Amino acid sequence: MGYSKGAMQLFDPLIDSLRQVPIMAWVPLTIVWFGLGDGPTIFLIAFSGVFPVILNTVAGVQNISKDYYNAARSMGAGPWSIFSKIIVPASLPDILIGGRVAIGLGWMSVI
Amino acid sequence: MELTVEGISKNFKNENTVQTVLKDLSFTVREGQFATLLGPSGCGKTTLLTIIAGFQAASGGRVMINGAQVTRPGPDRGFVFQNYALFPWMTVRENILYPMKQRRVPAKEREKRFKELLAMAQLEGKEKLYPHQLSGGMKQRVAFIRALAGRPEVLLMDEPLGAVDMQMRQSLQEDLEALWLKDKTTVVMVTHDVDEAIYLSDRVIVMSAREGKIVDDMPVRLPRPRDRKGMEYQKHKEHLAEALKVAVGRQAETAVTEGKLCLA
(Lines give C-alpha, C1' and ligand atoms only; values in the text may rest on other atoms or scores of the structure.)
Protein backbone atom coordinates (compact mmCIF):
# COMPACT_ATOMS: atom_id res chain seq x y z
CA MET A 1 0.00 0.00 0.00
CA GLY A 2 2.83 2.37 0.76
CA TYR A 3 4.41 1.52 -2.57
CA SER A 4 1.45 1.85 -4.89
CA LYS A 5 -0.84 4.86 -5.10
CA GLY A 6 -3.64 2.81 -6.64
CA ALA A 7 -3.72 0.32 -3.79
CA MET A 8 -3.63 3.19 -1.32
CA GLN A 9 -6.65 4.87 -2.87
CA LEU A 10 -8.50 1.56 -2.94
CA PHE A 11 -7.91 0.39 0.63
CA ASP A 12 -7.34 3.56 2.60
CA PRO A 13 -11.01 4.62 2.87
CA LEU A 14 -12.01 1.13 3.98
CA ILE A 15 -9.33 0.84 6.64
CA ASP A 16 -9.79 4.38 7.87
CA SER A 17 -13.52 3.93 8.32
CA LEU A 18 -13.18 0.55 10.01
CA ARG A 19 -10.58 1.67 12.49
CA GLN A 20 -12.72 4.54 13.76
CA VAL A 21 -15.30 2.11 15.14
CA PRO A 22 -14.69 1.71 18.89
CA ILE A 23 -13.73 -1.74 20.04
CA MET A 24 -16.78 -2.04 22.31
CA ALA A 25 -19.07 -1.64 19.32
CA TRP A 26 -17.65 -4.81 17.82
CA VAL A 27 -18.48 -6.90 20.88
CA PRO A 28 -22.12 -7.70 20.04
CA LEU A 29 -21.27 -8.31 16.39
CA THR A 30 -18.47 -10.73 17.17
CA ILE A 31 -20.68 -12.61 19.63
CA VAL A 32 -23.17 -13.06 16.81
CA TRP A 33 -20.35 -14.23 14.48
CA PHE A 34 -18.43 -16.49 16.80
CA GLY A 35 -20.89 -17.27 19.57
CA LEU A 36 -19.96 -17.02 23.22
CA GLY A 37 -16.59 -18.23 24.45
CA ASP A 38 -13.04 -17.48 23.40
CA GLY A 39 -13.83 -16.79 19.73
CA PRO A 40 -14.87 -13.13 20.00
CA THR A 41 -12.08 -12.37 22.46
CA ILE A 42 -9.38 -13.69 20.19
CA PHE A 43 -10.89 -11.97 17.18
CA LEU A 44 -11.09 -8.62 18.96
CA ILE A 45 -7.53 -8.80 20.19
CA ALA A 46 -6.26 -9.62 16.73
CA PHE A 47 -8.55 -7.06 15.15
CA SER A 48 -7.43 -4.21 17.37
CA GLY A 49 -3.83 -5.06 16.58
CA VAL A 50 -4.19 -5.10 12.81
CA PHE A 51 -4.62 -1.36 12.26
CA PRO A 52 -1.54 0.02 13.95
CA VAL A 53 0.52 -2.56 12.11
CA ILE A 54 -0.98 -1.67 8.75
CA LEU A 55 -0.79 2.07 9.28
CA ASN A 56 2.77 2.02 10.52
CA THR A 57 3.85 -0.24 7.70
CA VAL A 58 2.27 2.06 5.14
CA ALA A 59 3.93 5.08 6.70
CA GLY A 60 7.24 3.23 6.86
CA VAL A 61 7.13 2.24 3.22
CA GLN A 62 6.12 5.74 2.13
CA ASN A 63 9.08 7.17 3.99
CA ILE A 64 11.66 5.18 2.04
CA SER A 65 13.80 7.53 -0.03
CA LYS A 66 13.25 7.25 -3.75
CA ASP A 67 17.01 7.06 -4.16
CA TYR A 68 17.05 3.57 -2.68
CA TYR A 69 14.60 2.29 -5.28
CA ASN A 70 16.50 4.02 -8.05
CA ALA A 71 19.82 2.73 -6.76
CA ALA A 72 18.52 -0.83 -6.60
CA ARG A 73 17.00 -0.62 -10.05
CA SER A 74 20.13 0.80 -11.59
CA MET A 75 21.97 -2.19 -10.17
CA GLY A 76 19.60 -4.51 -11.96
CA ALA A 77 17.27 -5.46 -9.10
CA GLY A 78 13.94 -7.07 -9.96
CA PRO A 79 10.63 -6.50 -8.13
CA TRP A 80 11.17 -9.36 -5.66
CA SER A 81 14.64 -8.19 -4.75
CA ILE A 82 13.38 -4.64 -4.28
CA PHE A 83 10.68 -5.93 -1.94
CA SER A 84 12.81 -8.27 0.14
CA LYS A 85 16.10 -6.38 0.18
CA ILE A 86 14.89 -2.76 0.11
CA ILE A 87 11.28 -2.30 1.18
CA VAL A 88 11.21 -4.77 4.07
CA PRO A 89 14.48 -3.82 5.78
CA ALA A 90 13.97 -0.11 5.19
CA SER A 91 10.51 -0.10 6.75
CA LEU A 92 11.21 -2.70 9.44
CA PRO A 93 11.66 -0.15 12.26
CA ASP A 94 8.22 1.28 11.55
CA ILE A 95 6.66 -2.17 11.25
CA LEU A 96 8.07 -3.07 14.65
CA ILE A 97 6.71 0.13 16.19
CA GLY A 98 3.32 -0.85 14.78
CA GLY A 99 3.72 -4.24 16.43
CA ARG A 100 4.49 -2.66 19.77
CA VAL A 101 1.46 -0.40 19.63
CA ALA A 102 -0.60 -3.40 18.56
CA ILE A 103 0.44 -5.41 21.60
CA GLY A 104 -0.59 -2.51 23.83
CA LEU A 105 -3.94 -2.19 22.16
CA GLY A 106 -4.45 -5.93 22.28
CA TRP A 107 -3.95 -5.83 26.02
CA MET A 108 -6.44 -2.98 26.24
CA SER A 109 -9.06 -4.96 24.41
CA VAL A 110 -8.44 -7.97 26.62
CA ILE A 111 -9.47 -5.86 29.53
CA MET B 1 30.71 1.52 -25.54
CA GLU B 2 29.30 4.83 -26.57
CA LEU B 3 26.63 6.95 -24.97
CA THR B 4 24.54 9.07 -27.28
CA VAL B 5 22.02 11.64 -26.16
CA GLU B 6 19.79 12.57 -29.07
CA GLY B 7 17.52 15.60 -29.02
CA ILE B 8 16.48 15.17 -25.41
CA SER B 9 13.80 17.55 -24.16
CA LYS B 10 12.03 17.70 -20.86
CA ASN B 11 8.99 19.76 -19.94
CA PHE B 12 7.28 19.97 -16.62
CA LYS B 13 3.60 20.82 -16.80
CA ASN B 14 2.02 22.78 -14.03
CA GLU B 15 -1.68 23.54 -14.11
CA ASN B 16 -1.55 25.74 -17.17
CA THR B 17 2.09 26.64 -17.66
CA VAL B 18 4.65 24.46 -19.35
CA GLN B 19 8.18 24.82 -18.09
CA THR B 20 10.93 23.73 -20.44
CA VAL B 21 13.90 22.37 -18.55
CA LEU B 22 15.80 20.72 -21.38
CA LYS B 23 15.42 21.59 -25.02
CA ASP B 24 16.73 19.48 -27.87
CA LEU B 25 20.00 18.43 -26.27
CA SER B 26 22.41 16.19 -28.16
CA PHE B 27 25.91 14.91 -27.52
CA THR B 28 27.95 11.74 -27.67
CA VAL B 29 30.35 10.45 -25.05
CA ARG B 30 33.11 8.18 -26.33
CA GLU B 31 34.36 5.00 -24.70
CA GLY B 32 36.53 5.72 -21.68
CA GLN B 33 35.82 9.43 -21.68
CA PHE B 34 35.24 11.36 -18.48
CA ALA B 35 32.59 13.93 -19.41
CA THR B 36 31.21 16.55 -17.06
CA LEU B 37 27.96 18.45 -17.25
CA LEU B 38 28.58 21.85 -15.74
CA GLY B 39 25.94 24.47 -15.16
CA PRO B 40 24.32 26.81 -12.66
CA SER B 41 21.83 25.24 -10.30
CA GLY B 42 18.45 24.72 -11.85
CA CYS B 43 19.76 24.28 -15.39
CA GLY B 44 18.48 20.74 -15.61
CA LYS B 45 21.82 18.92 -15.50
CA THR B 46 20.69 16.50 -12.82
CA THR B 47 17.42 16.01 -14.69
CA LEU B 48 19.40 15.09 -17.78
CA LEU B 49 21.48 12.63 -15.78
CA THR B 50 18.42 10.93 -14.30
CA ILE B 51 16.94 10.69 -17.79
CA ILE B 52 20.12 8.94 -18.98
CA ALA B 53 19.86 6.66 -15.95
CA GLY B 54 16.23 5.97 -16.82
CA PHE B 55 14.79 7.16 -13.50
CA GLN B 56 12.47 9.48 -15.35
CA ALA B 57 11.26 9.67 -18.92
CA ALA B 58 12.19 12.42 -21.37
CA SER B 59 9.48 14.45 -23.08
CA GLY B 60 11.27 14.01 -26.39
CA GLY B 61 14.41 12.51 -27.88
CA ARG B 62 16.24 9.36 -26.87
CA VAL B 63 19.26 8.01 -25.05
CA MET B 64 21.30 5.29 -26.76
CA ILE B 65 23.99 3.02 -25.43
CA ASN B 66 25.98 1.22 -28.10
CA GLY B 67 23.25 2.16 -30.54
CA ALA B 68 20.43 0.60 -28.50
CA GLN B 69 17.82 2.87 -26.97
CA VAL B 70 17.40 2.80 -23.19
CA THR B 71 14.31 3.93 -21.30
CA ARG B 72 14.52 2.19 -17.93
CA PRO B 73 17.16 1.90 -15.23
CA GLY B 74 19.54 -0.97 -15.86
CA PRO B 75 22.82 -2.42 -14.66
CA ASP B 76 24.59 -1.10 -17.77
CA ARG B 77 24.46 2.36 -16.19
CA GLY B 78 25.89 2.67 -12.67
CA PHE B 79 24.72 5.64 -10.65
CA VAL B 80 26.49 7.45 -7.81
CA PHE B 81 24.01 9.52 -5.84
CA GLN B 82 24.70 12.90 -4.29
CA ASN B 83 23.88 11.48 -0.86
CA TYR B 84 25.48 8.13 -1.79
CA ALA B 85 22.24 6.16 -1.12
CA LEU B 86 24.17 3.33 0.49
CA PHE B 87 21.73 0.89 2.04
CA PRO B 88 22.02 1.58 5.79
CA TRP B 89 20.77 -1.91 6.72
CA MET B 90 23.60 -3.59 4.85
CA THR B 91 27.29 -3.72 5.72
CA VAL B 92 29.88 -2.36 3.30
CA ARG B 93 30.40 -5.89 2.04
CA GLU B 94 26.70 -6.53 1.44
CA ASN B 95 26.32 -3.16 -0.23
CA ILE B 96 29.09 -3.92 -2.69
CA LEU B 97 28.00 -7.50 -3.33
CA TYR B 98 24.39 -6.46 -3.95
CA PRO B 99 24.76 -5.36 -7.59
CA MET B 100 26.81 -8.46 -8.38
CA LYS B 101 24.16 -10.72 -6.84
CA GLN B 102 21.55 -8.99 -8.97
CA ARG B 103 23.59 -9.74 -12.07
CA ARG B 104 23.99 -13.37 -10.94
CA VAL B 105 27.75 -13.27 -10.88
CA PRO B 106 29.05 -16.65 -9.60
CA ALA B 107 30.09 -16.60 -5.92
CA LYS B 108 33.78 -17.20 -6.61
CA GLU B 109 34.05 -14.39 -9.10
CA ARG B 110 32.01 -12.15 -6.82
CA GLU B 111 34.49 -12.70 -4.02
CA LYS B 112 37.41 -11.95 -6.30
CA ARG B 113 35.90 -8.76 -7.66
CA PHE B 114 34.94 -7.69 -4.14
CA LYS B 115 38.53 -8.03 -2.91
CA GLU B 116 39.77 -6.20 -5.99
CA LEU B 117 37.38 -3.28 -5.49
CA LEU B 118 38.09 -3.06 -1.79
CA ALA B 119 41.80 -2.88 -2.44
CA MET B 120 41.25 -0.30 -5.17
CA ALA B 121 39.39 1.97 -2.74
CA GLN B 122 41.76 1.18 0.14
CA LEU B 123 38.91 0.01 2.31
CA GLU B 124 40.36 -3.30 3.48
CA GLY B 125 39.20 -4.19 6.96
CA LYS B 126 36.11 -2.01 6.72
CA GLU B 127 33.88 -4.57 5.04
CA LYS B 128 31.96 -5.44 8.20
CA LEU B 129 31.06 -1.84 9.09
CA TYR B 130 27.69 -0.27 8.40
CA PRO B 131 27.49 2.96 6.36
CA HIS B 132 26.76 5.12 9.43
CA GLN B 133 30.08 4.01 10.92
CA LEU B 134 32.06 5.35 7.96
CA SER B 135 33.46 8.82 7.38
CA GLY B 136 32.16 10.92 4.50
CA GLY B 137 35.15 10.12 2.32
CA MET B 138 34.85 6.40 2.92
CA LYS B 139 31.13 6.49 2.13
CA GLN B 140 31.92 8.21 -1.11
CA ARG B 141 34.46 5.55 -2.04
CA VAL B 142 32.07 2.76 -1.13
CA ALA B 143 29.36 4.38 -3.27
CA PHE B 144 31.82 4.63 -6.13
CA ILE B 145 32.97 1.01 -6.03
CA ARG B 146 29.42 -0.20 -5.46
CA ALA B 147 28.44 1.50 -8.70
CA LEU B 148 31.42 -0.12 -10.42
CA ALA B 149 30.79 -3.58 -8.96
CA GLY B 150 28.22 -4.54 -11.57
CA ARG B 151 30.66 -3.58 -14.34
CA PRO B 152 28.47 -0.88 -15.89
CA GLU B 153 29.17 0.49 -19.35
CA VAL B 154 28.74 4.05 -18.11
CA LEU B 155 29.08 5.51 -14.66
CA LEU B 156 26.72 8.40 -13.91
CA MET B 157 27.64 10.63 -10.99
CA ASP B 158 25.37 13.28 -9.56
CA GLU B 159 27.55 15.79 -7.70
CA PRO B 160 29.41 12.98 -5.98
CA LEU B 161 31.36 15.45 -3.88
CA GLY B 162 28.57 17.92 -3.30
CA ALA B 163 28.23 17.26 0.41
CA VAL B 164 31.82 17.81 1.56
CA ASP B 165 33.86 20.88 2.44
CA MET B 166 36.44 22.51 0.21
CA GLN B 167 39.61 20.92 1.66
CA MET B 168 38.10 17.47 1.76
CA ARG B 169 36.75 17.98 -1.70
CA GLN B 170 40.12 18.43 -3.31
CA SER B 171 41.61 15.36 -1.73
CA LEU B 172 38.51 13.34 -2.63
CA GLN B 173 38.81 14.54 -6.21
CA GLU B 174 42.32 13.12 -6.21
CA ASP B 175 41.05 9.83 -4.77
CA LEU B 176 38.30 9.72 -7.33
CA GLU B 177 40.72 10.38 -10.16
CA ALA B 178 43.06 7.66 -8.93
CA LEU B 179 40.16 5.22 -8.69
CA TRP B 180 38.91 6.12 -12.12
CA LEU B 181 42.35 5.79 -13.70
CA LYS B 182 42.44 2.20 -12.48
CA ASP B 183 39.14 1.36 -14.11
CA LYS B 184 38.70 3.78 -17.04
CA THR B 185 34.95 3.35 -17.21
CA THR B 186 33.10 5.93 -19.26
CA VAL B 187 31.81 8.60 -16.88
CA VAL B 188 29.22 11.33 -17.04
CA MET B 189 29.42 13.56 -13.98
CA VAL B 190 27.24 16.46 -12.94
CA THR B 191 28.73 19.34 -11.00
CA HIS B 192 28.47 23.09 -10.50
CA ASP B 193 32.11 23.40 -9.47
CA VAL B 194 34.43 24.71 -12.20
CA ASP B 195 37.60 23.49 -10.55
CA GLU B 196 36.20 20.01 -10.04
CA ALA B 197 35.13 19.87 -13.67
CA ILE B 198 38.58 20.74 -15.01
CA TYR B 199 40.48 18.63 -12.52
CA LEU B 200 38.55 15.46 -13.25
CA SER B 201 37.23 15.49 -16.77
CA ASP B 202 38.37 15.01 -20.34
CA ARG B 203 35.53 17.12 -21.55
CA VAL B 204 33.27 19.74 -20.03
CA ILE B 205 29.80 20.44 -21.37
CA VAL B 206 28.38 23.73 -20.09
CA MET B 207 24.61 24.03 -19.86
CA SER B 208 22.64 27.25 -19.61
CA ALA B 209 20.13 28.12 -16.93
CA ARG B 210 17.37 28.88 -19.39
CA GLU B 211 15.95 25.95 -21.32
CA GLY B 212 19.03 23.87 -20.63
CA LYS B 213 20.89 24.39 -23.87
CA ILE B 214 24.54 23.53 -24.38
CA VAL B 215 26.51 26.79 -24.24
CA ASP B 216 29.96 25.33 -24.56
CA ASP B 217 31.64 21.98 -25.06
CA MET B 218 35.28 22.15 -24.07
CA PRO B 219 37.87 19.38 -24.22
CA VAL B 220 40.46 19.27 -21.43
CA ARG B 221 43.67 17.70 -22.68
CA LEU B 222 45.96 18.42 -19.75
CA PRO B 223 48.15 15.56 -18.51
CA ARG B 224 47.08 13.78 -15.32
CA PRO B 225 47.41 14.25 -12.43
CA ARG B 226 46.66 17.89 -13.09
CA ASP B 227 48.50 20.79 -11.60
CA ARG B 228 45.85 23.08 -10.16
CA LYS B 229 48.21 26.03 -10.25
CA GLY B 230 49.48 25.50 -13.79
CA MET B 231 49.05 28.17 -16.50
CA GLU B 232 46.96 26.03 -18.82
CA TYR B 233 44.79 24.91 -15.93
CA GLN B 234 44.07 28.52 -14.97
CA LYS B 235 43.28 29.38 -18.58
CA HIS B 236 40.75 26.57 -18.76
CA LYS B 237 39.30 27.77 -15.50
CA GLU B 238 38.88 31.34 -16.72
CA HIS B 239 37.33 30.14 -19.91
CA LEU B 240 34.78 28.02 -18.07
CA ALA B 241 34.00 30.81 -15.64
CA GLU B 242 33.19 33.02 -18.66
CA ALA B 243 31.05 30.28 -20.18
CA LEU B 244 29.21 29.91 -16.89
CA LYS B 245 28.46 33.63 -16.86
CA VAL B 246 26.85 33.22 -20.24
CA ALA B 247 25.06 30.17 -18.94
CA VAL B 248 23.54 32.19 -16.14
CA GLY B 249 22.53 34.75 -18.76
CA ARG B 250 24.55 37.78 -17.67
CA GLN B 251 26.44 38.30 -20.90
CA ALA B 252 25.78 38.08 -24.58
CA GLU B 253 26.66 34.96 -26.56
CA THR B 254 29.62 36.69 -28.24
CA ALA B 255 31.76 36.48 -25.12
CA VAL B 256 32.10 32.74 -25.52
CA THR B 257 33.27 32.88 -29.10
CA GLU B 258 35.89 35.38 -28.04
CA GLY B 259 36.93 33.05 -25.26
CA LYS B 260 37.31 30.25 -27.76
CA LEU B 261 39.58 32.36 -29.91
CA CYS B 262 41.75 33.16 -26.93
CA LEU B 263 42.15 29.48 -26.15
CA ALA B 264 42.99 28.60 -29.72
Original post:
Looking at B:Pro75, is it more than 9 Å from chain A (Cβ to nearest Cβ) and within 21 Å of A:Ser65 (Cβ to Cβ)?
Top reply: no
**OP:** Return the residue satisfying two criteria in turn: it lies in region A:79-95 and is away from chain B (no Cβ under 12 Å) and of a type in the set (A, V, I, L, M, F, W, C), and of such residues it is farthest from B:Pro73 (Cα to Cα).
**Re:** A:Ile95
Subject >> All positions within region A:63-73 that are of a type outside the set (Ser, Thr, Tyr), without any contact (Cβ under 8 Å) to a residue 24 or more places away in the chain and more than 7 Å from every other protein chain (Cβ to nearest Cβ) >> reply: A:Lys66, A:Ala72
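Specify which of the listed residues (A:Gly98, A:Gly104, A:Gly78) is out of contact with any His (no Cβ under 9 Å at 6 or more places or on another chain), on the phi < 0 side of the Ramachandran plot, touching a residue at least 24 places away in the same chain (Cβ under 8 Å) and not aliphatic (A, V, I, L, M).
Selected residue: A:Gly98, the only one of A:Gly98, A:Gly104, A:Gly78 that is out of contact with any His (no Cβ under 9 Å at 6 or more places or on another chain), on the phi < 0 side of the Ramachandran plot, touching a residue at least 24 places away in the same chain (Cβ under 8 Å) and not aliphatic (A, V, I, L, M).
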Original post:
Name the pairs: first residue in region B:80-91 and at the interface with chain A (Cβ under 7 Å from one of its Cβ atoms), second residue of a type in the set (Lys, Arg) and surrounded by fewer than 21 Cβ atoms within 10 Å (Cβ to Cβ), Cβ to Cβ under 8 Å, at least 6 apart or on different chains?
Top reply: B:Phe87/A:Lys85
Original post:
Can you tell me which residue in region B:193-203 is farthest from B:Leu148 (Cα to Cα), limited to those that are within 11 Å of the chain's Cα centre (by Cα) and either aliphatic (A, V, I, L, M) or surrounded by fewer than 18 Cβ atoms within 10 Å (Cβ to Cβ) (or both)?
Top reply: B:Ala197
**OP:** For residues that are buried (at least 19 other Cβ atoms within 10 Å of the Cβ) and over 20 Å from B:Lys184 (Cβ atoms), scanning just region B:22-38, find the one that is farthest from the chain's Cα centre (by Cα).
**Re:** B:Lys23
Original post:
Got at least one residue in region B:39-49 being at the interface with chain A (Cβ under 9 Å from one of its Cβ atoms) and surrounded by 22 or more Cβ atoms within 10 Å (Cβ to Cβ)?
Top reply: no
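Residue by residue through region B:112-129, note down the ones that are surrounded by fewer than 16 Cβ atoms within 10 Å (Cβ to Cβ) and either modelled with pLDDT of 90 or more or in contact with a helix residue (DSSP H, G or I) (Cβ under 7 Å, 6 or more places away or on another chain) (or both).
B:Glu124, B:Lys128, B:Leu129
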Original post:
If A:Gly76 satisfies every condition in (1) in a helix (DSSP H, G or I); (2) within 9 Å of another protein chain (Cβ to nearest Cβ) but one, which is the exception?
Top reply: (1)
Subject >> Counted residues, region B:1-21 - those being surrounded by 13 or more Cβ atoms within 10 Å (Cβ to Cβ), assigned to a strand (DSSP E or B) and among the hydrophobic types (A, V, I, L, M, F, W, C) >> reply: 4
Original post:
If only one of A:Gly60, A:Gly49, A:Gly35, A:Gly98 is touching a Ser or Thr at 6+ places or on another chain (Cβ under 8 Å) and either of a type in the set (Ser, Thr, Tyr) or away from chain B (no Cβ under 13 Å) (or both), which one is it?
Top reply: A:Gly98
Subject >> Unmet criterion (only one of (1) under 25 Å from B:Gln122 (Cα atoms); (2) modelled with pLDDT under 90; (3) away from chain A (no Cβ under 14 Å)) for B:Met189 >> reply: (2)
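The values are calculated or read from the model by the stated rules, or taken from the named source; none is laboratory data. Predicted, not measured: the structure shown is a model, and the values here were computed from it. A quick note on method: Cβ atoms are made from the backbone with ideal geometry, for glycine too, and the neighbour counts reach across all protein chains shown.
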